[in-house]
There are 2 protein chains.
Amino acid sequence: MKRIAILGSTGSIGRSTLSVIESYPDRFQVATLAAGANLEVALEQTLRWKPRVVSLANEQDADALRSRLRNSGFGGTKIVHGAAGTVCVATHPEVDFVVSAIVGVAGLEATYEAVKAGKAVGLANKECLVVAGELITAEARRQGKPLLPIDSEHNAVHQCLRGGTPVEVERIWLTASGGPFLKTPKSAFASITVEQALNHPTWKMGKRITIDSATLMNKGFEVIEACRLFHVPPSRVQVIVHPQSTIHSMVEFVDGSILAQFSVTDMRLPILYALTYPERVPSEFRFPVMDLRHLDFCPPDMAKFPCLRLAYEAAQAGGVKTIALNAADEVAVAAFLSERIGFEEIPRIIEEVMAATPAGNLESINKVLALDAGARQLAEDMVKQKKRPASPVRAIP
Amino acid sequence: MKRIAILGSTGSIGRSTLSVIESYPDRFQVATLAAGANLEVALEQTLRWKPRVVSLANEQDADALRSRLRNSGFGGTKIVHGAAGTVCVATHPEVDFVVSAIVGVAGLEATYEAVKAGKAVGLANKECLVVAGELITAEARRQGKPLLPIDSEHNAVHQCLRGGTPVEVERIWLTASGGPFLKTPKSAFASITVEQALNHPTWKMGKRITIDSATLMNKGFEVIEACRLFHVPPSRVQVIVHPQSTIHSMVEFVDGSILAQFSVTDMRLPILYALTYPERVPSEFRFPVMDLRHLDFCPPDMAKFPCLRLAYEAAQAGGVKTIALNAADEVAVAAFLSERIGFEEIPRIIEEVMAATPAGNLESINKVLALDAGARQLAEDMVKQKKRPASPVRAIP
């Protein structure tokens, strides 16, 4: 019986994880949960799963949950809150496996502490690898415990890598849907509206990741994640556009053989893979291979999507530069979404913040968080200097 | 240093194997060679590789090779001949790995003896698995030595299988180019000419295998080989048409994940894989992933290609039925090539021979060879009864 902690239990990945656990009651049990501010769902989950510990983001919600549970006559769960509460959930002695699915740098500390406590960790939080990848993977190696990727691309890579040893890997190929502007000419990029950018052709996702998909920054983050997770330099990670997103990613070996992975696009599949690794267990998720018809591919246009180039540069520089990349992107995307800057200014702001950030290594999660705050402030200042012109939208030179 | 025996050294796979050995002189050396009747090439290979033993098909050629070598002042190689000579090459004590690449049942005995002698074996001979698969794989299991497939499909499956354990395999997907008649309507099949059938869209191959590709019997044989080699029932092996033949084959796991393998189509790659397994070594064979454009797939039409159905039936029945399938196919294809029967009569003859052959298990290679001879005779008799009408060709009801 594997005892699971979920960091971010009320979010999409958290709920999918609970759905997987529900389907395999003889394999998994919920040990602890960390949620944000969704009190109703946290209450439901606590009553349903009876975890040892539940943590909420703030004290008032924790108090409210405690009293609601008392009113329901249920007293078996310890309720905690805040960053310390999340760490308590992640490092609880009765936890074997931690699913790290809190969005943003908020998930960083608890994930790092889970790794340090010798837990196996399934990573759905992008920031863990993008801004603190070196620290977290080094600690996982020291502990001799696996870090299992819970997103379709890196999960696919993890599966393909089983076809050889690490020194036999020539290249990792990440597939990219190409986003909504795959066929939009570069000349039209300056006038891209928020509405157009939010209209992703294949996925329904949160706003920031949808914009990151439109700029290909999301794929850039995945390049950095692949470098950190699989210990390869950026020159050995390539992106190929594959609009159907059927093949989730590929690994090319030194002998010239390439393995590709595909499956239905349901997050429960990589979650199940991570939770059961190194075993595979039967699931209901069948890809209808006989219905395969066409798969298309094309190289990414790095000139049209400068965010991808910036991510490669950050991956190469490592350390502080990836923090600047992520922080500046988050700020710039928010500014675009609130129509304070144009679409083409997103990469410009990121590039300026990266240039203004001196290179350096990471020493601790606290330093990561401080650098992250600094880079955000810098990005905010740059956004203010670049006020977007009032409509009508015009091309920005 | 791995010491290699090649059964069929002057054929296409044999020469490709020598080319691989030449590229990795620090890894491999030629220990022994068995050739057919190509005296000139056998002489060259003997002088170049200085093997311990060389075997030719018949005594006169062996004598001639011996005297030619004496005239060249070279005396380091023992020259033998015939079936016993091939067995001597395959079981020589200084051999670590045997490449089995003699076409037809002629390669059967020596390959079986190599397995029995505890050699690792790379299989390029189809008949070993189609007509004697149960015997050979059982013996390899007993010896605890690997049987490594040297053909693009099964080699691809072997690679994909590394993504899980045998019990985690849900299904093997063999890709098929579809042959020259993929888009020909069934109604036109009766009038297919030898010339049309020999015009394969992607591969230049021997005549029998080209016709077997046109009837999809070749894929049927591969289904049987996959069942024997990977110990799965026919229900777990499926064929999918993929005209570009980029993806060589796929494995679907119980959790719903599918791994696919692709690479350049050069036989040296599966040979290298087999010779170095479980290692992968760097090669010059790079698939240009960035040039990937379109991959197409469709289900096979079992009604149009009854040979594929017959192969599934033989795979299910096993033993003697697969011998009947192979022998009848060889005879029927030869009859088609010499215009004694029409294209649609190939599966009819095979079906009749299979029906007339009582089911039964295989006890020894000698019994396999006797049953093979019997099935061939039966097929010849049936061909005689079915004299093809003189031209003009008409539809056969």
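The values are calculated or read from the model by the stated rules, or taken from the named source; none is laboratory data. Not measured: the values here are computed from a predicted model. Backbone-built Cβ (ideal geometry, glycine too); neighbour counts: all protein chains shown. Only protein heavy atoms, including side chains, enter the accessible area calculation; ligands, DNA and RNA are left aside. Shrake-Rupley method; radii C 1.70, N 1.55, O 1.52, S 1.80 Å.
Observations on the model:
- Filtering the stretch B:77-86 to residues that are touching a strand residue (DSSP E or B) at 6+ places or on another chain (Cβ under 7 Å) and either in a helix (DSSP H, G or I) or aromatic (Phe, Trp, Tyr) (or both) leaves B:Gly85, B:Thr86.
- As a summary of the residue check, B:Glu94 satisfies the conditions (1) crowded, with 20+ Cβ neighbours inside 10 Å; (2) outside any helix (DSSP H, G or I) except for the one numbered (1).
- Scan of the stretch B:335-353 for residues that are more than 21 Å from the chain's Cα centre (by Cα) and surrounded by fewer than 22 Cβ atoms within 10 Å (Cβ to Cβ), ordered by number: B:Ser338, B:Glu339, B:Arg340, B:Glu344, B:Glu345, B:Arg348, B:Glu351, B:Glu352
- Residues of the stretch A:269-294 that are of a type in the set (A, V, I, L, M, F, W, C) and more than 7 Å from chain B (Cβ to nearest Cβ): A:Ile271, A:Ala274, A:Leu275.
- Options B:Phe253, B:Phe285: the member that is among the aromatic types (Phe, Trp, Tyr) and over 25 Å from A:Asn155 (Cα atoms): B:Phe285
- Just one of the listed residues (B:Val167, B:Val194, B:Val232) is out of contact with any Pro (no Cβ under 7 Å at 6 or more places or on another chain) and within 14 Å of chain A (Cβ to nearest Cβ), namely B:Val167.
- Exactly one residue among B:Pro180, B:Pro185 is touching a residue at least 12 places away in the same chain (Cβ under 8 Å) and away from every other protein chain (no Cβ under 14 Å), and that residue is B:Pro180.
- Residues of the stretch A:248-262 satisfying the condition of being open to solvent by 10 Å² or more (accessible area, probe 1.4 Å) and within 7 Å of another protein chain (Cβ to nearest Cβ): A:Val254
- Of the residues making up the stretch B:267-294, those that are farther than 30 Å from A:Val241 by Cβ and either acidic (Asp, Glu) or without any contact (Cβ under 8 Å) to a residue 60 or more places away in the chain (or both) are B:Pro278, B:Glu279.
- Of the residues in the stretch A:135-143, at least one is at pLDDT 95 or above, farther than 30 Å from B:Pro278 by Cα and under 15 Å from the mean Cα position of the chain (by Cα).
- On inspection, B:Val121 passes the criterion of being away from chain A (no Cβ under 14 Å), farther than 23 Å from B:Leu325 by Cα, of a type outside the set (D, E, K, R) and open to solvent by less than 10 Å² (accessible area, probe 1.4 Å).
- No other residue among B:Asp266, B:Asp301 is open to solvent by 10 Å² or more (accessible area, probe 1.4 Å), under 27 Å from B:Met217 (Cα atoms), more than 7 Å from chain A (Cβ to nearest Cβ) and touching a Phe, Trp or Tyr at 6+ places or on another chain (Cβ under 6 Å) apart from B:Asp266.
- Taken together, B:Ala328, B:Ala332, B:Ala324, B:Ala311 contain a single residue that is buried (at least 23 other Cβ atoms within 10 Å of the Cβ), touching a Ser or Thr at 6+ places or on another chain (Cβ under 7 Å), small (Gly, Ala, Ser) and away from every other protein chain (no Cβ under 14 Å), which is B:Ala324.
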